[in-house]
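The values are calculated or read from the model by the stated rules, or taken from the named source; none is laboratory data. What you see is a predicted model, and the numbers here were worked out from it, not measured in a lab. Note: ideal-geometry Cβ built from the backbone for every residue, glycine included; neighbour counts use all protein chains shown. Areas reflect the complete protein model, heavy atoms only, side chains present, ligands, DNA and RNA absent. Shrake-Rupley method; radii C 1.70, N 1.55, O 1.52, S 1.80 Å.
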Amino acid sequence: NAGVMQNPRHLVRRRGQEARLRCSPMKGHSHVYWYRQLPEEGLKFMVYLQKENIIDESGMPKERFSAEFPKEGPSILRIQQVVRGDSAAYFCASSPPPSGVPYEQYFGPGTRLTVT
Amino acid sequence: LAKTTQPISMDSYEGQEVNITCSHNNIATNDYITWYQQFPSQGPRFIIQGYKTKVTNEVASLFIPADRKSSTLSLPRVSLSDTAVYYCLVGDGLTGGGNKLTFGTGTQLKVEL
């Protein structure tokens, strides 16, 4: 059973370009989460999605960032007009549907975005 | 979500037992306590989860006192490969639209020979 897959692992973009980060959840998992980690900091929640539905985007910056999880294919985190401050590691996690007991989340290896 | 406080760093030697304590004074009745481990350049990995008393698995033990205002992650006989950042998280899995995890800065454990 393959784990959470993210690609690319490393992404370099110039300021003003667009960055697209992809995440394929574990088989059987219908819930995807995106987190951002700046150097020397903990992970910060960005967005929580189910297939074709955004459940919670309270951690997403108001502008330039968007996420989707289509019926078919991976989840995509899209950053438009990147700036140097967007340089970070972006982690995707997946889980089965939440219930009364928090499920463990399975994290991918991350995409390291560098904006030059 | 309950705020957590844990030491910034800890040092240990191979073969020793390491105990990392996390304070969560505002833990709610429905909250669970979960610990994750993160190696450099990798995503976090679930270690253990508990609600009260003691939980043990093949990797670690989690001790939770009766008042649940703190918890202690115990790693028996650590090795160099246990060098990582350890995060304590508290939540009920339902607040905020599901299983949104809130990570603090964690505890950097360094294990030496």
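Numbers below:
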quantity	calculated
Any pair with Cβ under 6 angstrom, 6 or more apart, that starts in segment A:37-63 at a residue that is without any contact (Cβ under 8 Å) to a residue 24 or more places away in the chain and at the interface with another protein chain (Cβ under 9 Å from one of its Cβ atoms) and ends at one that is hydrophobic (A, V, I, L, M, F, W, C) and open to solvent by 30 Å² or more (accessible area, probe 1.4 Å)	A:Tyr48/A:Ile55
Residue within segment A:83-90 that is farther than 30 Å from B:Tyr51 by Cβ and in a loop (DSSP other than H, G, I, E, B) present	yes
Condition broken by A:Arg9, with the remaining ones in (1) of a type in the set (Lys, Arg); (2) within 14 Å of chain B (Cβ to nearest Cβ); (3) more than 14 Å from the chain's Cα centre (by Cα) satisfied	(3)
Strands (runs of 3 or more DSSP E) within chain B that include 2 or more residues under 28 Å from A:Thr111 (Cβ atoms)	B:32-38, B:45-50, B:84-91, B:107-112
Segment A:62-76 - residue that is surrounded by 12 or more Cβ atoms within 10 Å (Cβ to Cβ) and out of contact with any Ser or Thr (no Cβ under 8 Å at 6 or more places or on another chain) and, of those, farthest from A:Tyr33 (Cα to Cα)	A:Arg64
Flag for A:Ala93 being at pLDDT 95 or above, of a type in the set (A, V, I, L, M) and either assigned to a strand (DSSP E or B) or open to solvent by less than 40 Å² (accessible area, probe 1.4 Å) (or both)	no
Qualifying residue in segment A:97-108 (condition: under 11 Å from the mean Cα position of the chain (by Cα), within 14 Å of another protein chain (Cβ to nearest Cβ), assigned to a strand (DSSP E or B) and not basic (Lys, Arg))	yes
Qualifying positions in segment A:12-37 - farther than 21 Å from B:Phe39 by Cβ and assigned to a strand (DSSP E or B)	A:Val12, A:Arg13, A:Ala19, A:Arg20, A:Arg22, A:Ser24, A:His31, A:Val32
Residues within segment B:40-86 that are within 12 Å of chain A (Cβ to nearest Cβ) and either modelled with pLDDT under 95 or open to solvent by 10 Å² or more (accessible area, probe 1.4 Å) (or both), tallied	14
